[in-house]
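Notes follow the structure.
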Amino acid sequence: MEAFLFSHPEIWPQRSCGLATEPGSMSQRSCVYFGARYVLGPVREAIHLVHGAVGCGYYGKMVRGTPAPLFSTDMREHEVIFGARQKLYKALVEAFALNPEARGAFVYITCVTGLIGEDALTVAEEVAQKIGKPVKVISCPGFSGSSQAKGHSVSYKALLELIKPLPKAKEPVVNLIGEYNVGGETKVLKDLLGQIGVKVHLSLTGEASWSRIETMSRARLNLLFCGTTAEDFCRAMKKAFGTPYMKVSFYGLKSIAASLRKIGAFFELPETLVEEVISHGEQQVLAKIFPWRRHFWGKKALIVLGAHRLGPQGKMLKELGCEVVAAASIFGKDNNHKEATEVTSIVTDNPGDHELEEALWVFKPDIVLTNAREQWRPVKLGVPVLSFPQPKDRGPYAGYVGMINFARDLYKCLNAPVWKLLNSSLL
Amino acid sequence: MINNVKEIPIEGITYKNLKIEKEPLTPEYTPPPPELIPAKNRAVCIDPSRTCMPFGAMWATLGVHRAIPFVQGAQGCTTYVRYTFSRVFREPATIANASFHEDAAVFGGRKNLIRGVRNLVCRYQPELISIVTTCSSEVIGDDINSFLDEAIELMEEEMGPEVRDAVKFVVVNTPSFAGSHVEGYNRAAREFLKTLAKSTGQSTEDIYFIPGFMMPGDIRELKHMMDLMDVSYRILFDISDTLDCPLVGMPNRIPYYPPGGTKVEEFVRAGDARGLFALSPDAGGAGATWLERRFKVPSRAITMPIGVKNTDNLIKAVAEVAERPISEKIRWERGILLDAMADTLHYTMSKRVALCGDPDFVAAATGFVCELGMIPTYILIGTKSRTAEATIREVCEEYGHNPVIMNDSDQFEWEYALKNDIPDVILGHSRCVNISREIQVPLVRYGFPVYDRVGFQREPIIGYRGGERLLARIVNAILDYHYPDDRTHQ
């Protein structure tokens, strides 16, 4: 029966992932507001105002590494009962007064304001008229979707509305879409693309500002990095401004080379230049990781990551000689899982703590790749963890530099003497 | 200021000691409108030094043996909190969630609670589940108690009465818009005692403590002091062996539960306690008040034992309630702290210090810095406090200082005050790093949250030995910043 289903993918149940979370399952998923903050957090030249209780304003600041200043309306009990229209208006005007250089504002709707039905849209309009700057309302109450993916899509829709039509640039200029500057990746990618003569206009939202987003239609190509919602954004941009897009990945040597060649072919760059950059980069990486390679060979890895990272990080591990025993996404879509099947045969969606512990128990992996929130659970059970997003000091994992960083961190995790001490008994 | 580094003007910015790598957004620095500086004039809140109420209730629950907080709200309400726990403690925190989606917002969270509780009981076999409500469940008006009754009934039907008896439930109402994490802990302390504590009429020897947001190291120090006093004690919400556990590898059975935590029976027997001390009046004081009213257990909320005077008060109070003499060893530790203070008075005397943090920490630490001869200048009490301001005023009056106290304000107001009147040292949490870098003043981290340095959860700051550690932290920070490296002791 299973073989039959595999050979007939059209009758294979398609909606096997991205479903609502089972209550009490200790899922690692987050809320829609989290997703919106993840995408919009670092947008500069903008006011970020969280319309809700104080907790959302407090936590909203720790979603991304370098967020822009965050304002909050800090709603209190009586405002929940009587509505906080006036407060929102006053808060927005004050935020503009405190940040006169801002070119616009994002207002985040949270659970409380979503539930009491605050009419933020008209307030936003009033303020926009008074100040003369646009105010975008991001409708992202935490409960309004099954995971943070919904928040990503809401915020990309809002970003799309900011873009103004512009003539295309003469020189090869690209936008990086779905690139989040994890551990300083934007700089690495900019350098790498600069080497083949391609300029980066902006990185959404690794390095984005309001004015750059407005003018992003001048780029000749969108490079799509991560996420289904980012792809929707690219598609919409293609429709509205005629900017073509291209899926690329800068994780792992094969992907980097393929992506650079694709970009080179698009801009009709001299092939020798591209090949030179590739061979130079690969030589550098190979020379650096050569002494470590025996530590990676045959090591079993378990991957539990957001959505899009499953496949790329799995490929990086495979290139280094590790074996991926299983992979799970937290809020992935079908295409993310399909990509992950290239590196492992066991792929699942939305594991809770219990499933994670069971996987550690059953697969006995040598290393776990998981997100920063859950990194200490495997460690407590005696399995080293390479957490993601990695802290700034570990550096980016994208590009050739990133490959070296990744191998170095993997080496550190696997070979820390602490794991040997753990297994040796006390006298 | 430091080693006479000159002010470096960057593109016309006349901003005191602006760091070079800091990229200005505008060509020139525009000061904020003066009328918008005080938080009470503003509708907008910038950089609050407090987080939401469910966090406190979850913190308290994680200090109970085999207990799981079940958060009746959207998934973010736990994700952020788990992230905070993982950053501060570097430990797994088991927190369950009702996963509110749109249907729950429309039809209520009844189904989520019933299914969630069933899943938890089946999979995790907890001894206690605390139902922690959030903004969303409070706004839609979930009738948690009747949902819970239904869930328990179904559980009994499905799994039998012994499972039903094995799991205890505590409901803590914590809408974020009604308070902060401090109030959340306070409510949890009251609700746990209300739901669990019983009185048999036979008084025990045990003295109970509610620690508040003390770190595992602080709780261990408290245990150490009580051991020296030879007092029989119980610590409620004891996170010292749940959020700071040894690494032992794969356990014999999963799910993993940390070995420690307060047992449910200890809560049950609290009604017979000889006395109860809430060591954080704002986080746990409500528990003390309730226990005294209900079971006539002599209960007291006292300032956190940071510094000499505050620790003296605790030791004296415990000695009085337990009817024990103050042991020589305690006096010895006190002497060591006094010696350390005398050794370093040249570094600490007349230094101007700004403080920021949770009310209980700030109130206690102000007492300590005054004892060190420092001058508190600007004090930010992160969340509205009933007692902290009075405590601070009292101690400052005693030492003749007159600091600006910002109660229920945000960090923006406090930081602006600091920029215009630069102190010599800042006592604060990890969110004060920015201001400390900007005005180039050493930051001494303490309290909650410290996530950008390791080991702070294990290092005590309470008691005499903790005071000695905190003193060393303060002096070393001053030395690092204000004195050239090796010429100090020549």
Lone unmet requirement of (1) among the small types (Gly, Ala, Ser); (2) over 17 Å from A:Val32 (Cα atoms); (3) away from every other protein chain (no Cβ under 14 Å) for A:Ser155: (2)
Set B:Arg437, B:Arg431, B:Arg453, B:Arg386: member being modelled with pLDDT under 95, over 22 Å from the mean Cα position of the chain (by Cα) and among the basic types (Lys, Arg): B:Arg437
Members of segment B:167-214 that are part of a loop (DSSP other than H, G, I, E, B) and hydrophobic (A, V, I, L, M, F, W, C): B:Val167, B:Ala197, B:Phe213, B:Met214
Among the candidates B:Ile426, B:Ile461, B:Ile405, B:Ile435, residue that is outside the structural domain of B:Asp282 (by TED's automatic domain parsing), assigned to a loop (DSSP other than H, G, I, E, B) and either β-branched (Val, Ile, Thr) or surrounded by fewer than 23 Cβ atoms within 10 Å (Cβ to Cβ) (or both): B:Ile461
Does segment A:97-114 include one or more residues that are surrounded by 24 or more Cβ atoms within 10 Å (Cβ to Cβ), more than 12 Å from every other protein chain (Cβ to nearest Cβ) and closer than 28 Å to B:Val106 by Cβ? yes
Which listed residue is over 30 Å from A:Pro384 (Cβ atoms) and out of contact with any strand residue (DSSP E or B) (no Cβ under 7 Å at 6 or more places or on another chain), from B:Met215, B:Met225: B:Met225
Residues of segment B:34-54 classified as under 21 Å from the mean Cα position of the chain (by Cα) and more than 7 Å from chain A (Cβ to nearest Cβ), total: 4
Taking into account only those residues within segment A:121-145 that are assigned to a helix (DSSP H, G or I), more than 14 Å from chain B (Cβ to nearest Cβ) and in contact with a strand residue (DSSP E or B) (Cβ under 8 Å, 6 or more places away or on another chain), which is surrounded by the most Cβ atoms within 10 Å (Cβ to Cβ)? A:Ala124
With segment B:254-346 as the region, which helices (runs of 4 or more DSSP H) entirely inside it contain at least 1 residues that are buried (at least 16 other Cβ atoms within 10 Å of the Cβ) and among the aromatic types (Phe, Trp, Tyr)? B:264-268, B:285-295
Going through A:Asp393, A:Asp353, A:Asp366, A:Asp409 one at a time, which residue ends up being under 21 Å from the mean Cα position of the chain (by Cα) and touching a residue at least 12 places away in the same chain (Cβ under 8 Å)? A:Asp409
Quick check: anything in segment B:124-131 surrounded by fewer than 24 Cβ atoms within 10 Å (Cβ to Cβ) and away from every other protein chain (no Cβ under 13 Å)? yes
Residues of segment A:26-43 being facing chain B (nearest Cβ under 7 Å) and either under 16 Å from the mean Cα position of the chain (by Cα) or surrounded by fewer than 24 Cβ atoms within 10 Å (Cβ to Cβ) (or both), which ones? A:Arg29, A:Ser30, A:Cys31, A:Tyr33, A:Phe34
All positions within segment A:231-290 that are more than 30 Å from A:Pro165 (Cβ to Cβ), β-branched (Val, Ile, Thr) and in contact (Cβ under 8 Å) with a residue 12 or more places away in the chain: A:Ile256, A:Val274, A:Val277, A:Ile278, A:Val285, A:Ile289
For B:Thr134: the one exception among (1) facing chain A (nearest Cβ under 8 Å); (2) β-branched (Val, Ile, Thr); (3) surrounded by fewer than 23 Cβ atoms within 10 Å (Cβ to Cβ); (4) touching a residue at least 60 places away in the same chain (Cβ under 8 Å): (3)
Got at least one residue in segment A:405-420 being surrounded by fewer than 20 Cβ atoms within 10 Å (Cβ to Cβ), within 10 Å of another protein chain (Cβ to nearest Cβ) and of a type outside the set (Asp, Glu)? yes
Filter the strands (runs of 3 or more DSSP E) completely within segment A:332-395 down to those with at least 1 residues that are among the aromatic types (Phe, Trp, Tyr), closer than 27 Å to A:Lys187 by Cα and in contact with a strand residue (DSSP E or B) (Cβ under 9 Å, 6 or more places away or on another chain). A:385-388
In segment B:451-473, which residues are within 24 Å of B:Met226 (Cα to Cα) and either small (Gly, Ala, Ser) or in contact with a strand residue (DSSP E or B) (Cβ under 9 Å, 6 or more places away or on another chain) (or both)? B:Gly455, B:Phe456, B:Ile461, B:Ile462, B:Gly463, B:Gly466, B:Gly467, B:Leu470, B:Ala472
Mind checking whether some residue in segment A:77-84 is touching a residue at least 12 places away in the same chain (Cβ under 8 Å), farther than 30 Å from A:Thr186 by Cα and within 9 Å of another protein chain (Cβ to nearest Cβ)? yes
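The values are calculated or read from the model by the stated rules, or taken from the named source; none is laboratory data. All values reported here derive from a predicted model rather than from experimental measurement. Every residue, glycine among them, receives a Cβ derived from its backbone with ideal geometry; neighbour counts consider all protein chains shown.
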